[in-house]
Amino acid sequence: MEKLTMTSREKTIDLGEKIGQQLVAGDVLVLDGDLGAGKTTFTKGLAKGLEIPDIIKSPTFTIIHEYQDGRLPLYHMDAYRLENGGAEDLGLEEYFDGDGVSVVEWAEFVEDELPADFLAIHFKRTGDDDTRVLEFEPHGKHFNQIVRGVIE
Ligand SMILES: Nc1ncnc2c1ncn2[C@@H]1O[C@H](COP(=O)(O)OP(=O)(O)O)[C@@H](O)[C@H]1O
Ligand SMILES: [Mg+2]
């Protein structure tokens with residue numbers, strides 16, 4: 001799997017921005033990793049790349065936050081609270097097939113609902129407080145191209 005080491009919060013945001021600039025309607029990204037690993041931080045960058053002016057906050061208590069003021073709508077989901085089921089009741093398919101970009105944190109709880117093409121990013125903490133390792137798992141041609149573009 002392709003890996004990148006991000007040595008600061010800002011670098012993770014910049015990477016998110018670079019990826020966000022290349023996204024199109026219907027794109028789905030799933031982010032996993034422990035609490036504090038950088039999933040929401042990355043999503044802030046992604047929103048920047050989508051030209052969303054709002055401040056992105058973790059949607060833990062609402063499950064889905066929608067941002068409509070960017071180049072494309074962003075649907076930011078935190079599936080953590082779906083630990084005990086319920087993903088099928090959210091109508092996720094409509095978001096995934098829709099006119100915007102979907103980003104799911106803690107996607108293991110929505111695995112069954114995912115489309116064929118998506119980009120999974122695994123976030124890992126390291127011994128250094130400011131460093132995170134990101135592992136990319138692209139599914140489909142579009143995401144393979146995006147990953148190839150950010151790796152070199
Ligand atoms: N290289 C880095 N990339 C991302 N976040 C970092 C990095 N270094 C330190 N941090 C800090 O780690 C925390 C990550 O939190 P957050 O993005 O909310 O994680 P998650 O959504 O995975 O729980 C933030 O406080 C951020 O400032
Ligand atoms: Mg988060």
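The values are calculated or read from the model by the stated rules, or taken from the named source; none is laboratory data. Not measured: the values here are computed from a predicted model. Heads up, the Cβs are rebuilt from the backbone with ideal geometry, glycines too, and the neighbour counts pull from every protein chain shown.
In the set (1) within 24 Å of K11 (Cα to Cα); (2) in contact with a His (Cβ under 6 Å, 6 or more places away or on another chain); (3) among the acidic types (D, E), the condition left unmet by D128 is number (2). Residues of region 1-42 that are away from ligand 2 (no atom under 14 Å from the Cβ), touching a residue at least 24 places away in the same chain (Cβ under 8 Å) and among the basic types (K, R): K3, K18.
Taken over region 40-56, the residue count meeting the criterion of being more than 9 Å from ligand 1 (Cβ to nearest atom) and in contact with a strand residue (DSSP E or B) (Cβ under 8 Å, 6 or more places away or on another chain) is 6.
The set of residues from region 16-39 being near ligand 1 (Cβ under 9 Å from one of its atoms), surrounded by fewer than 20 Cβ atoms within 10 Å (Cβ to Cβ) and within 12 Å of the chain's Cα centre (by Cα) comprises just one member, D32. Only residues that are within 13 Å of ligand 2 (Cβ to nearest atom), of a type in the set (K, R) and assigned to a helix (DSSP H, G or I) were counted in region 43-57, giving 1.
Residue-level check: of (1) among the aliphatic types (A, V, I, L, M); (2) under 17 Å from E105 (Cβ atoms); (3) at pLDDT 95 or above, I63 misses just (3).
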